[in-house]
Every structure is written in structure tokens, then in C-alpha cells.
1. Across segment 239-251, what is the number of residues that are among the acidic types (Asp, Glu) and either farther than 28 Å from Val364 by Cβ or part of a helix (DSSP H, G or I) (or both)?
2. Given the conditions (1) within 16 Å of the ligand (Cβ to nearest atom); (2) more than 19 Å from Leu230 (Cβ to Cβ); (3) in contact (Cβ under 8 Å) with a residue 12 or more places away in the chain, which single one is not true for Ser199?
3. If you take the residues of segment 1-15 that are of a type in the set (A, V, I, L, M, F, W, C), in contact (Cβ under 8 Å) with a residue 24 or more places away in the chain and outside any helix (DSSP H, G or I), which of them is farthest from Gly72 (Cα to Cα)?
4. May I ask you to list the residues in segment 316-335 that are in a loop (DSSP other than H, G, I, E, B) and farther than 21 Å from Thr277 by Cα?
5. Quick one: in segment 262-273, which of the residues that are within 18 Å of His196 (Cα to Cα) and either away from the ligand (no atom under 16 Å from the Cβ) or of a type in the set (Ser, Thr, Tyr) (or both) is surrounded by the most Cβ atoms within 10 Å (Cβ to Cβ)?
6. Given Ile314, Ile254, which one is of a type in the set (A, V, I, L, M), in the same structural domain as Val78 (by TED's automatic domain parsing) and either crowded, with 23+ Cβ neighbours inside 10 Å or within 16 Å of the ligand (Cβ to nearest atom) (or both)?
7. Going through segment 132-179 one residue at a time, which ones are of a type in the set (A, V, I, L, M) and within 16 Å of the ligand (Cβ to nearest atom)?
8. Condition (residue is touching a strand residue (DSSP E or B) at 6+ places or on another chain (Cβ under 7 Å), assigned by TED's automatic domain parsing to the domain that holds Ser49 and buried (at least 24 other Cβ atoms within 10 Å of the Cβ)) applied to segment 122-129: is it met by at least one residue?
Amino acid sequence: MKYINKKLTIERVSVESIAKKYNTPIYCYSYSKLKENILNFKKNFKSFSPLICFAIKSNTNVNLIREIKKFGLGADVVSKGELMIAIKAGINPKKIVFSGVGKTTDEIRYAIDKKILLINAESKSEVLEIDRIAKLKKKKVFIGIRINPNTDAKTLSQISTGKKENKFGVNSKTLLELVSYCKNSKNIKLKCLSVHIGSQILNHRPYEKMLNVLDKTLNKLNYKFEFIDLGGGMGISYDNKAEKLNYKRYNFAIKKFLKKNSSKIIFEPGRSIIGNTGVLISKIVYIKKDSQKSFVILDAAMNDLMRPALYGAIHKISPSIKRIKKSKKTYEFVGPICESTDKFSTLKNFQELKEKEVVAMSDVGAYGMSLSSNYNLRPKASEILIKGSKIKVIRKRQKYNDLM
Ligand code: LLP
């Protein structure tokens, strides 16, 4: 997004015109940003050409997944629904990995039928269940096991997954046991060691520590894995000051790891692919003046964008038309939902705003729409994809009838 003649613009389309034509709240994605992110991601790790499995949970829009697929990416899914949408988008099942701590019998059956690349198991019980179903189906199923490396990802506690107190993965003792179990099984073949320590990681050191744990574990195991799945988690910068993940150092650490352990690397990035491609456009319904501050009540709410309420996340807010005049009051941007956490940001020195004007919230492409809900029985927003000056509606606004 940038201002052209004081108008906030996505590729070649102004935010103002989108709001007029398609109504608000609306999620808009930039195709060129998506392309740039994918090409950069590939470039960062090109020396070992990993299999990049887009984490569907970050954005489940089938049209966006279709675009991502065209760059050769696979998918990381965590439910039958996500597996179905990945397949619907045309992703080759041989590029799909299935993660998650609680895959049901039905989900495992479906994944086996679809012949996906790997089911990444996260407990002994799950391995036994996959084995049982594979036997019934008389199929040899390829699996991975997720290790919990007890590594602090140094990110928000709510999105940290790699410490021993977290529910994810198995410890090295259980891993050892499961490796020998799989060696003796006729129905499952253990092909992958997987790990994912958390999300929105901006420092390469936790990744280095994670790789050290994997290296030590592999030394002890003496088992050759065809794949090492390093998960996702690469953070993006939500404000311009924030530190950035040093991809060179992460790439270097992986190359060092691969010298000793030659396997195909899998990544499961979500946010780093789609996060900064999306903005949420919203209209100001009312401005309510208080002695201390003014509440800017938007038509977008926590049901449309949960991240601020869930994690205290900050998404930059920009007015659709730039003006010089600043407000003397502090603006608190809120939604209309009956919860005090339905609040996006409190900003000082913002330009003066008027009712019915339009603003855009940045970097909402990942875990924006996918975390949205119908709370307060509000219909879900629509989504559009912008390519230059072309606009494609990629999800229609939900109708009230769908909610009744
Ligand atoms: N692989 C696994 C097994 C995961 O659990 C996740 C994210 C990913 C890959 C993708 O991680 P990414 O590259 O997007 O960081 N709702 C939160 C984020 C939760 C992430 C959950 N797992 C947020 O809005 O920040």
C-alpha cells in the first residue's frame, strides 16, 4: 500500500474506490506482493531447494491457495477441512503434509485415501491409530513424527509451540521408542522428523538451537529420515521499527545441519508468505468524543480481525485519504462488538478523521480472515484479489440468510 496523490492505493487501485464499489469491511490482497514473497522465500533457501508447504491455516481462501500452488508450493494442513481445500485448490497430494495433535480416525482415513506425502504424528497413540487404520486398509502409510525440542521460540507465549510444557510433539525418549516401533511395522513407514517451535519468530537463534537439538537427536537415533520438516514460524514486521528475521543466518544454520544429516527439507510457512499481502478496509461508523480521547467506531470488529483481541497484536491503521491536519485528541479505534477487547489500536497524532471515512489495517493476510467468526451474528467480510488494476472477488460477503 502506498499513497499516490494522497490516495491510499493497493497496486493500482485506490482503497476509497474499493470501499465504494464492494462495501466494507473487506479483505484485499495484493497479487504482486504474494508473488514477491514466494520468490523471496525460494531465493532465501535455494541452495537446498526445500519443499515449501504453505500453512493453510494462515489463509484458507481457495483462490489464493490456487495462486500459491501455481508457484509449485505444497500445503501443510491441520484438519480434514484444510486438506479438502488444499486438494480443491489443485495442490498435488504428494506435496501435502498433515500436522496437528488430535487427528481423528475419520481424518486419518481421509488422508490415507488421498495418498498425501506425510501424516506427521504427534503422539504414541496417534502412531498406533495410523498403524491400525493402515492395516485395515491394507496400505503402507508414510508418516513423520514431530519432536518437541524444548526450545524457546522467543515469541508470544500464545503462539509458542516448542517448549516441553506445550502440547505439541513428543520428547526424545518417546521418539526413540516410536522409531523402533515403526521399524517393525508393516503398515507404516517413518520418513520424516518434523518440528515447529512457534510463530512470528524474528530471531534466528531459536532456530539454531532447534537445529542443534535435531542434530543431537539424530546422532542418538541412528535412523535415516528422508525428510526433515522444520515447520514455519518465520516472522514479519508489523511495524517498521521491528527487527527482521535474518534469513541468511537461518539458511546458513540449515546448510551446516545438512552437511551431517542429508535429508530433503520441508518448510511450512504461513505468515511469511501471505501476512503482508492483505489489508482490511473498514469504514468509520461514528466518532464518539470523550474528554480524554475519541473513539473511532469502525464497521470492522474483532470477529473480522481477532489478532488484536487475542494477542494484543498491532496492525498499522492508515487513512484512505492523506491530510495534513492532525487531531488534537488521541484516537481509539474500536469495533462495534459488545466486548471491551474489541479494540484495534490507540493512536496519538493521527490525522483528523470524519465519520463515513475509510481506513485500512495492514498486514492482515495471515490469521486475519482465517480466524474470523460470526460473533454477534455478524456476516463474514468479503475478500478481493488485486492484480495491477484488475480486481477479482475471491469470496463473497456472507449473506444474512446464511446465518439464519
Ligand atoms: N506448521 C505448524 C505445525 C503450525 O502449527 C503453524 C502455525 C505453521 C506451520 C505456520 O506458522 P507461520 O509460518 O504462519 O508462523 N494465530 C496466530 C498464529 C498461530 C500459528 C499456529 N501455527 C497469529 O495470528 O499470530
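1. 0
2. (2)
3. Result: Leu8.
4. Those that are in a loop (DSSP other than H, G, I, E, B) and farther than 21 Å from Thr277 by Cα: Lys322, Arg323, Ile324, Lys325, Ser327, Lys328, Lys329, Gly335.
5. Ser272
6. After ruling out the rest, the residue left standing is Ile254.
7. Those that are of a type in the set (A, V, I, L, M) and within 16 Å of the ligand (Cβ to nearest atom): Ile143, Ile145, Ile147, Ala153, Leu156, Ile159, Val170.
8. The answer is no, given that none of the residues of segment 122-129 is touching a strand residue (DSSP E or B) at 6+ places or on another chain (Cβ under 7 Å), assigned by TED's automatic domain parsing to the domain that holds Ser49 and buried (at least 24 other Cβ atoms within 10 Å of the Cβ).
The values are calculated or read from the model by the stated rules, or taken from the named source; none is laboratory data. Keep in mind that what you see is a predicted model, and the values were worked out from it rather than measured. Backbone-built Cβ (ideal geometry, glycine too); neighbour counts: all protein chains shown.
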